[in-house]
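Below is one structure, written out as structure tokens; the observations come after it.
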Amino acid sequence: MRTARTLFAVASTAVLLTASTFTASAAPAEGYRTYVALGDSYTSGPFIPFQRLNPLGCGRSTGNYPSVLAGALRVRTYTDVSCGGADTTNMTQPQAVPFGGRNPAQFTALKVDTDLVTLGIGGNDSSVFGSIVATCPALRSADPTGNPCERHFTTNGVDTVKAAIVTTGKNVEAVLRGIHERSPGATVVAVGYPRIAPETGYCPDVLPFADGDYAWLNSVEEALNTAIANAVTADGNSSYVDTWGPSAGHDACARDGAAWINGQRTNVFAAAAYHPFAVGMAGMAAVLYAQLR
């Protein structure tokens, strides 16, 4: 595992934190010993070097934020069962993955002595992210300055994507209860999703949405993060880590290596389309580490 000082060298280019966030002499935050990471592809890190093979179809990287965080915390044992495409049902049910593999139900990694759990889940419930990236780019050409994707997902004045997110929040709340039942002494942290689109401006060569749909995409992400945060509040025994705020200026449109998130083109040596780069994972790990301390 990387030392804390090395970790800071990576993360400092991605997130504005004080130099004391990672130091080689710092004691492990709260003395965590047994860490389990649960989540979807924004946790697993598809195509970020180096990819694990257990199973390959999960896109689980040795450079994802759980791996970086585990190194910084210097935990004794670390288990990452995150998997691309996972939704909240895959906490208790196995998941079929590409290349003929199966990822066991993620809750099987939880033990009575687990003392730290991070959870990054919700974006795949009701196919929220998948539907958006599969639909929006194709609609841009017909109305490049409008909001055709938002209109596509609005029926009788109801935004169907945001309506589905209400159920997602309830699902995440149930997942948190399930974690507490299996690991009653664990610190449980639900991780929000980082920003994909910029607050202002456009980059259709990277993020091929219609101009008006950038604001809508932001509002969908904010609704999802709010649902996760509300689930944490309702749970009353876990905490929420905001990566939306710290990722401002690191959206897919950011230039000169500042982007935490890849754009429309998968780079098999760096990141899947619309997913975090290694630098984004380091930035998310830094935010987590700061909160855990």
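The values are calculated or read from the model by the stated rules, or taken from the named source; none is laboratory data. Note that the structure is predicted; figures quoted are calculated from it, not measured. Glycine gets a Cβ as well: all are built from the backbone with ideal geometry, and neighbour counts include every protein chain shown.
Worth pointing out:
- Test for Thr79: is it touching a Phe, Trp or Tyr at 6+ places or on another chain (Cβ under 8 Å), of a type in the set (Ser, Thr, Tyr) and assigned to a strand (DSSP E or B): yes
- For the range 172-197, the set of residues classified as crowded, with 19+ Cβ neighbours inside 10 Å and assigned to a helix (DSSP H, G or I) consists of Val172, Glu173, Val175, Leu176, Ile179, listed by residue number.
- Looking across Phe129, Phe99, Phe107, one residue alone is in a helix (DSSP H, G or I) and modelled with pLDDT under 95. It is Phe99.
- Qualifying residue in the range 261-272 (condition: buried (at least 16 other Cβ atoms within 10 Å of the Cβ), touching a residue at least 60 places away in the same chain (Cβ under 8 Å), closer than 26 Å to Val166 by Cα and touching a Pro at 6+ places or on another chain (Cβ under 9 Å)): yes
- Residue within the range 41-53 that is among the hydrophobic types (A, V, I, L, M, F, W, C), at pLDDT 95 or above and over 25 Å from Thr266 (Cα atoms) present: no
- Count - residues of the range 54-83 that are within 20 Å of Ala270 (Cα to Cα) and touching a Lys or Arg at 6+ places or on another chain (Cβ under 8 Å): 10
- The range 149-159, subset in contact with a Ser or Thr (Cβ under 7 Å, 6 or more places away or on another chain) and assigned to a helix (DSSP H, G or I), residue surrounded by the fewest Cβ atoms within 10 Å (Cβ to Cβ): His152
- Among the residues here, Thr168 qualifies as out of contact with any strand residue (DSSP E or B) (no Cβ under 6 Å at 6 or more places or on another chain) and closer than 20 Å to Trp244 by Cα.
- Restricting the range 71-117 to residues that are under 19 Å from the mean Cα position of the chain (by Cα) and of a type in the set (Asp, Glu), the residue that is surrounded by the fewest Cβ atoms within 10 Å (Cβ to Cβ): Asp87
- Taken over the range 117-141, the criterion of being in contact with a Pro (Cβ under 6 Å, 6 or more places away or on another chain) and hydrophobic (A, V, I, L, M, F, W, C) is satisfied by Leu139 alone.
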